[in-house]
1. At 222 nm, what value in deg cm²/dmol follows for chain A if DSSP H runs of at least 4 each add -39500 (n - 2.57) and the sum is divided by all its residues, to the nearest 500?
2. State the percentage of accessible surface on chain A attributable to carbon and sulfur atoms; use a 1.4 Å probe and exclude ligands, DNA and RNA.
3. For the range A:70-147, which trypsin sites (Lys or Arg not before Pro) are in a loop by DSSP, counting at most 15 other Cβ atoms within 10 Å?
4. With θ set to phi - 60° and the Karplus curve 6.51 cos²θ - 1.76 cosθ + 1.60, what are the ³J(HN,Hα) couplings of the range A:12-24 in order, to the nearest whole Hz, using x for Gly and Pro?
5. By how many nm would the segment from A:GLU173 to A:HIS296 lengthen if fully extended, with 0.36 nm per residue of separation less the alpha-carbon distance?
6. According to the square roots a ≥ b ≥ c of the eigenvalues of the Cα gyration tensor, what is the shape class of the range A:225-322, taking rounded for a/c under 1.5, prolate for a/b larger than b/c otherwise, and oblate for the remainder?
7. If I take every Cα pair under 8 Å that is 6 or more residues apart in chain A, average their sequence separation and divide by the length, what percent do I get for the relative contact order?
8. In debye, nearest 20: dipole of the range A:225-322 around its Cα centre with unit charges on the Cβ of K, R (+) and D, E (-)?
Amino acid sequence: MRSVHRKIRHWYTRHGRTDLPWRNTADPYTIWLSEVMLQQTQVKTVLERYYFPFLEKFPSIEALGKAPLDAVLKQWEGLGYYTRAKNLHKTAQLLTQEQAPGTAPVLPSAIDALIQLPGIGKNTAHAVAAFAFRQPVPVMEANVRRILCRIYAMEQADEKMLWKIAYEMVDREHPFEYNQAMMDIGATLCTPKTPQCTACPFESICQGKHDPQRYPTKKRRAVPTREQHIMLNLYDNKLALTKREGKFLHGLWGFPATEVPLCAAEYIGEVTHAYTHFKLTCKVYLYDALEKTEDHYFTPQQIRRLAISKVDEKILNLYLDSMK
DNA sequence: GAGGCGTGGGT
DNA sequence: TACCCAAGCCT
């Protein structure tokens, strides 16, 4: 394993994404933030659109913990999986409340303590421990999972087995470089579609290299289609929006929707949006209200300052186009 | 443990 | 185009 560790470190020095900003900081807060933003999200998106603006607005745990959730969601707008922002904020609040007087709030360094915080699961706890606190532990995310499945020719990813292997394989002397290298190898060489096995430092020991597509086997689910009817409630050139409750798009503002069409309204078009688990078609109608029937009305300019989801942005744009 | 949870990149 | 997939977590 020592020679493999050497190969991996050598590969990382030459080909790794060593310039990523969260790899060149000692601040656990910014490393934690990057880990949460990167959950189910590509590096490019986080790097180019969200990481720096978020830190500009909330430069510390304390700044984040003392900010209103609405402001945090506005910074998160468009990134998706909004529970991440809610949990990030919640954890910052907890840490800020727990801090001793006169001291800055800090993240715990122990995996057991990290994993109890909202929004920090097993992988993120390990990532923060390895990257922020240089502990000799492995990470286990999509890239590492795919690499290990291929090295051991496992069609099914057995989480317990994978963690055991990962703990045995981690370079305990250079956990930071090892883990970053594993993710880079997965992202740039051991890719899902067309892996470049000949350039891979694991090539000599990989049992799955002759049929990499087979490891791991992918599971796919059917994607149902749902239809909603959006009644744009217009009063005094303002539109009614409500703050979404429940788990879907929680905390964001949005146009009220119904499952069934309502009568006596002008149809102005439809909007579609693809989510992970369903496709949504929204039939949009305009209703000129004679009196206020909803709690909150906003001008289009005011709506731009609220945190709204992508589908509501599409609906707003449809409305503005229909006014031309 | 299986399904809910967003959006955009890549092919 | 219509997929697949991405530094997962929570229930």
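1. -11500 deg cm²/dmol
2. It is 51 percent, rounded to a whole number.
3. Filter output for the range A:70-147: A:ARG134.
4. 4, 4, 8, 10, x, 7, 6, 8, 4, x, 6, 9, 10
5. Using 0.36 nm per residue and subtracting the Cα-Cα distance, I get 38.5 nm.
6. It comes out oblate by the Cα gyration axes.
7. Taking the mean separation of contacting Cα pairs over the length of chain A, I get 15 percent.
8. Here the range A:225-322 has a charge dipole of around 480 debye.
The values are calculated or read from the model by the stated rules, or taken from the named source; none is laboratory data. Computed from a predicted model, the values in this text were never measured in an experiment. Positions of Cβ are generated from backbone atoms using ideal geometry, with glycine treated the same way; all protein chains shown enter the neighbour counts. Surface areas here come from the heavy atoms of the whole protein model, side chains and all, with no ligands, DNA or RNA. Shrake-Rupley method; radii C 1.70, N 1.55, O 1.52, S 1.80 Å.
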